[in-house]
Amino acid sequence: MHWLSALTTSVSVLQSADLSTSTVTIAGAVSIVVLLGLSAFFSSSEIAMFSLPAHKIDNLVEEGVAGAATLKALKDDPHRLLITILVGNNIVNIAMSSIATGLLAYYVTQGQSVVIATVGITMLVLMFGEAAPKSYAVENTESWALRIARPLKLSEYFLLPMVVVVDYLTRILNRVTGGRSAIESTYVTRSEIKDMIETGERAGVLEEDEHEMLQRIFRFNNTIAKEVMTPRLDMTAVSVDASVDEALTTCVQSGHARVPVYEGSLDNVIGVVHIRDLVRDTQYGENDVDVRDLINPTLHVPESKNADELLSEMRDERVHMVVVIDEFGTTEGLITMEDMVEEIVGEILEGEEDEPIERVDDDTVVVRGEVNIEDVNEAFDVEIPEGEEFETIAGFIFNRAGRLVEAGEEISYENIDIRVERVENTRILEARLHKHEELEASDDEASEEAAEN
């Protein structure tokens, strides 16, 4: 580091030479301006290089943009890149301060020159070496990063000895202190993407329905088949012994294009029949074909199957309906491709089909019994708990009541009143939820009134 001491006394050497004060002052001022420009270069480089995401750089390289290859080479070792920028920036800032101190010694005392140089150079660096260039780099990240890539690579070669030493020492220090050696991850994490989605929705970049769809995509990865399936009680199926006409009638009356076919009982689903095949046989066949001959194979999956994996499997196997079974092989329900799509895009209603959650007013909704509690909480802004034994609003009502319920019965949970609207046999079809202000607030007001009286 002997060069730094030499730089500090360089102006003193010029003083002893046969040079005028004005000449030395001009030379020093020009040097400070050049060094200030280098300070701005390194400062803006830090912002531009580390603000540009890796996937964007990859795209620039693929497009053959000038400077992109050098930019990628620098970003491939972000730790070395950061050290290069910091070393270069500190060298030019220290050099500016040293030259300014020497120049001021012409006009004031040594002590005064140190104070004035420190304050003056600090102000210059903050304005023209930090704030202004970094603001520019933020607004022109991509174009500036491409322009400075080659000069920055050249700076790395000039500063290589010092960069190598500092790089080695900082990596050792990171290991000793338990820190990570990597400066940045190659790509963003799931958590960062979720944060960006929330920020985009708040900033108005994403519409509410776009925000909800993206949230559903993330939730889909943690969803299991049991949460998506149509339960056994709601299944429409035909026996393998039924005639083609009977199977066609079942499809038409249920409004389904496909229905599962069972042999013996619903616990033995052997395939799926499509209304297209039934119509074709009815209209153009010779009435010598059984339902068994029209069956298409299907999949049987456990209720704990991950929905994301199941969707891929259905796509690969080219099936539109799968049967969900429990650990004993009993049929629990079925899942269609439409069910999977609805988990991402939301409920797809047909004809006069009722909304699963119908809002009456700001404080009241009517909910179908099979709707998941999570969906109710999100749509109604409440916190109804899920249990190990139930996931739907009907299950919650049964759990709270502790018995079978009839239409017209009411239960309460915290600030929510729940009224059973429709029941079929033992099954809750529809319930009305009404939320009101917390009772605690009313109790507090009553206590305050009593205290005043």
Restrict the check to region 164-177 and report whether at least one residue is within 24 Å of Val34 (Cβ to Cβ) and either buried (at least 19 other Cβ atoms within 10 Å of the Cβ) or among the aromatic types (Phe, Trp, Tyr) (or both).
no
Do we find a residue being under 30 Å from Leu146 (Cβ atoms) and either in the same structural domain as Thr21 (by TED's automatic domain parsing) or in a helix (DSSP H, G or I) (or both) anywhere in region 116-124?
yes
State yes or no: is Asp417 in contact with a strand residue (DSSP E or B) (Cβ under 9 Å, 6 or more places away or on another chain), among the charged types (D, E, K, R) and more than 25 Å from Ile224 (Cα to Cα)?
yes
Filter result for the condition that a residue is at pLDDT 90 or above and farther than 16 Å from Val259 by Cα, over Ile325, Ile348:
Ile325
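Conditions (1) among the acidic types (Asp, Glu); (2) loosely packed, with under 15 Cβ neighbours inside 10 Å; (3) outside any helix (DSSP H, G or I), marked per residue:
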position	(1), (2), (3)
Phe396	no, no, no
Arg403	no, yes, yes
Ala407	no, yes, yes
Ser412	no, yes, yes
Val420	no, no, yes
Val423	no, no, yes
Ile428	no, no, yes
Ala431	no, no, yes
His434	no, no, yes
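The values are calculated or read from the model by the stated rules, or taken from the named source; none is laboratory data. Predicted model, so just to flag it, every value in this text is computed and none were measured. Neighbour counts run over all protein chains shown; Cβ positions are idealised from the backbone, glycine included.
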